Amino acid sequence: MSSSLQLHTSPPTKKEPPPEFLCPITLDLMRDPVAAPTGITYDRAAISSWLLSGGQRTCPVTHGDLRAADLVPNHTLRRLIHDWCAANHHAPRVVERVPPATPEEAAVADVEAAARAGDAERCAAAARWVQRLARLTEQNRLLLASAGAARALAAAFASFASDDDAGGIGGDALDDVLAALALVAPMDEEAVVAVGSSRASLARLVAAAANGGRQRRLQAVVMIRQVVSVSFHRYGIDLSANADAIAQVLVKAIRDAVCPQVTRTCLVAACHLAYAGGEGAAARLAAAGLVPVIVELLVDADRGTAEKALAALDAALASGAGRACARADALAVPVLVKKMFSVSDAATELVLSALLRICKKWQEDGEDSAAAKGRRLAIIEALQVGALQKVLLLIQAGCREETKENATDLLRLMVRYQGKVECVDTMDFRGLKRGTTVLTT
């Protein structure tokens, strides 16, 4: 056969990895990339050998100071290398991880292995190991964070919560995992999404926040706050299946006065939930009893708690149900007026916004006679407890443009009733009654 008819084939050219996937020391594809504070990423085995075996204390590239404890896993680059290997049939197809170099990494690896195997007892033991390490020193806690402890624990919590929901064996491990998560908090967004995207995880957190000891409830509400906050700021985590339960448990925890930290955490979560879920979420919070609970809390709240409470109240008043609750509460308007100028500038602005929401006619109120009567009574009460004088003082003292507009709108509502009511001392609430035009102390 003529050589011109012969077919010559050659193996396909092997695609070389991008240079950023290569270790600066070995020039090989990195298996376990770790970032140094100098900004350079190395393969862990190579840089560990350089630092530990060679007795070096500097970065090989920049010559800046470097210790083994400063190395942080580069999870993003590791995933990119993994994807590139899979797409280009490059060996190894899966980027293997070298044996853990520190106790913190070993503990995190044990959590991950136990979760993959579905071994609840082993995962609980690994989570307790994480707790012991996290309690030793702040450096240990930082090493756990850099080793990806929050992500590993969050994934384990979601996995075993689903097992527990299905009647499996995951329930015994969840409390230990939750306690460990609280110690390595705050969670990064990937960890939050792992918990927040699981209905079973959220249901378990709600159950833990509703019952149990102070520490357990605190751990649960901290996790709920992080999930709700991330869903508000960045990710579209679907909270609809658990929204009612979350609203109820946040209000319950505030009402129970478990501890100041629980109260403040729940107030922030309630505020973010109302804004993230719009009027529907605000209405759920109102239905759960948030408005009267916050009004009672505001009477003797410290500055930090008062600011958070006012923010949560203002968010709840964005719903018709929230405004109806405030108009029906005899202390709502007097307490709000009392807080003007007595907490902080931010609190005064929130008070003004809340009062305007209560007194103003909103489109969704329609022609409801009960809503109209509630608005009139709220305006009268505001006048009786000295709101007019405080609003005038606020405008004269100077404020932000948005605040000035709210103050002007509220002023227009109150001047219609000026001269028809008497003022009372807002420090004494004993004489306040609904439906009266003249109140005496």
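The values are calculated or read from the model by the stated rules, or taken from the named source; none is laboratory data. These figures come from a predicted structure and were not determined experimentally. Note: ideal-geometry Cβ built from the backbone for every residue, glycine included; neighbour counts use all protein chains shown. Surface accessibility is based on the protein's heavy atoms, side chains included, excluding ligands, DNA and RNA. Shrake-Rupley method; radii C 1.70, N 1.55, O 1.52, S 1.80 Å.
About its Cα centre, how strong a charge dipole does region 332-407 have in debye, to the nearest 20, once Lys and Arg get +1 and Asp and Glu get -1 at the Cβ?
Numbers: 11 positive and 10 negative charges, 58 e Å.
Computed charge dipole of region 332-407: roughly 280 debye.
So what is the diffusion coefficient of region 193-340 in µm² per second by Stokes-Einstein at 37 °C and 0.692 mPa s, using a Kirkwood Rh over Cα pairs? Mind showing how you got there, number by number?
On the way: Rh = 15.0 Å.
Estimated diffusion coefficient is 219 µm²/s.
Mind jotting down a quarter of the surface of the convex hull over the alpha carbons of region 291-411, in square nanometres, one decimal?
Dividing the Cα hull surface by four gives the mean projection, 6.6 nm².
Using alpha carbons only, how many angstrom separate the centre of region 276-314 from the centre of region 185-246?
Value for the Cα centre distance between the two parts: 19 Å.
For the cross-link pairs LYS338/LYS404; LYS338/LYS360; LYS308/LYS373; LYS339/LYS360; LYS339/LYS373, which exceed 23 Å when the distance is taken from alpha carbon to alpha carbon? Please list the in-between numbers first.
Details: LYS338/LYS404 19 Å; LYS338/LYS360 20 Å; LYS308/LYS373 29 Å; LYS339/LYS360 20 Å; LYS339/LYS373 25 Å.
Result: LYS308/LYS373; LYS339/LYS373 exceed 23 Å.
Pop a pseudo-label 7 angstrom from the Cα along the beta-carbon direction at both LYS361 and ALA346 and give the gap in nm to one decimal.
In this crude label model, LYS361 to ALA346 measures out at 3.6 nm.
Provide the FRET efficiency to the nearest 0.05 for the ARG376-GLN215 pair, computing r from the beta carbons and using R0 = 35 Å.
Details: r = 48 Å, r/R0 = 1.36.
In this case the efficiency is close to 0.15.
How long is the gain from LEU136 to TYR275 if the chain were fully straight, where each residue apart is worth 0.36 nm and the alpha carbon distance is subtracted?
46.2 nm
So if R0 is 56 Å, what FRET efficiency would GLU401 and ASP188 give, r being the distance between their Cβ atoms, rounded to the nearest 0.05?
Approximately 0.90, to the nearest 0.05.
Where the only charges are on Cβ atoms (+1 Lys, Arg; -1 Asp, Glu), what is the dipole of region 252-303 about its Cα centre, to the nearest 20 debye?
On the way: 5 positive and 5 negative charges, 26 e Å.
The calculation lands at about 120 debye.
Would you mind calculating the gained length between GLN418 and ASP256 on full extension (0.36 nm times residue separation, minus the Cα-Cα distance), in nm to one decimal?
54.3 nm
Hey, any idea what % of region 130-289's accessible area is carbon plus sulfur with a 1.4 Å probe?
Accessible surface attributable to carbon and sulfur in region 130-289 totals 49 percent.
Points 7 angstrom from Cα along the Cβ direction at ASP65 and ARG128: gap in nanometres?
3.9 nm
If you take every residue apart from ALA283 with its C-beta less than 11 Å away from the C-beta of ALA283, what net charge results, scoring Lys and Arg +1 and Asp and Glu -1?
Net local charge, ALA283 excluded: -1.
Packing-wise, with mean Cβ within 10 Å as the measure, how do 110-117, 131-138 rank, highest first?
110-117, 131-138
Using R₀ = 60 Å, calculate the FRET efficiency as 1/(1 + (r/R₀)^6) where r is the Cβ-Cβ separation of SER240 and THR38; round to 0.05. Don't jump to the answer; show the numbers that get you there.
Working: r = 46 Å, r/R0 = 0.77.
For R0 = 60 Å, the calculated efficiency reads 0.85.
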